[in-house]
Amino acid sequence: MKRAAGFTLLEVLASLALLGLLMLGVYAGARIATRSVHAGNARIERLDQVRSAQQLLRRELAQALSQTIDHDSHGAPLVFQGTAHGVRYLAPLPGYLGQLGPQLQTLRLVDDGAGGFRLELGLTLLPPDGSEPQPVGEPQVLVDHVRAGRFSYRGVDVRGRATPWLASWADGRALPRLVRVEVQLDGMVSWPTLEVPLRVEAGDTGRGASSLPIRRLGTQ
């Protein structure tokens, strides 16, 4: 009688080993594809975050008003405050938020507690009756995971010549002509240097700027 055809134990073990290798390759490929999709989505979200932040800053800084937000130690009105790590100015908000009137906007780099920074925008409502200014909610995080950043300013001197970029804006009685926002982000997405021209009325030097009836505000 003929012996029944079949597989030897060695052949079965070899087949199982090949199947295992094949499954391992399929799993590795699926994992790589999943990581690529997640990385792509994260990059898109990061790009959207940067783009939205730049659009907001460009719009709001361009609408900065030459109106009093504080006073210096001599009682002179200040319309703009700018340091290397933050700015304060008055500007209207878009859409239905603009119905609240111009608001004091505080844009600053804040320590995130993890060795980096985040770029925040805080809003403060200035009541027309001169009562205590009221913060509008919590500061909004525009961009997080920031390694480093700075603000710089450019204006004109007493002779009408453009100044170099300055690390702080000393003459708070006048608006600067340009505000630059430089940010270094973690990851592969970069922050294009943002330079925003401020709206300066003809003949406006910032002296004797119009004033809102508000109390003195502490610097931040």
Scan segment 124-141 residue by residue and report those that are closer than 12 Å to T106 by Cβ and at pLDDT 90 or above. P139, Q140
Out of G172, G208, G218, G203, sole residue that is assigned to a loop (DSSP other than H, G, I, E, B), at pLDDT 90 or above, more than 20 Å from the chain's Cα centre (by Cα) and under 22 Å from V79 (Cβ atoms): G172
Among the candidates V141, V156, V110, which residue alone is surrounded by 11 or more Cβ atoms within 10 Å (Cβ to Cβ), among the aliphatic types (A, V, I, L, M) and more than 24 Å from L93 (Cβ to Cβ)? V156
Filter segment 39-62 down to the residues that are among the polar types (S, T, N, Q), more than 17 Å from F151 (Cβ to Cβ) and crowded, with 17+ Cβ neighbours inside 10 Å and list them by number. Q49
Out of the residues in segment 108-143 meeting the condition of being acidic (D, E) and free of Cβ contacts under 8 Å to residues at least 40 places away in the same chain, tell me which one is farthest from R46 (Cα to Cα). E138
Per-region count, segment 26-71, residues more than 33 Å from the chain's Cα centre (by Cα) and at pLDDT 80 or above: 1
Residue within segment 99-114 that is within 18 Å of V183 (Cα to Cα), in contact with a helix residue (DSSP H, G or I) (Cβ under 8 Å, 6 or more places away or on another chain) and modelled with pLDDT of 90 or more present: yes
Just the residues that are among the acidic types (D, E) and out of contact with any strand residue (DSSP E or B) (no Cβ under 8 Å at 6 or more places or on another chain), please, taken from segment 141-189. D157, D171
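The values are calculated or read from the model by the stated rules, or taken from the named source; none is laboratory data. Every value quoted in this text rests on a predicted model; they were computed, and no experiment measured them. Here the Cβ is made from the backbone with ideal geometry for all residues, glycine too, and neighbour counts use every protein chain on show.
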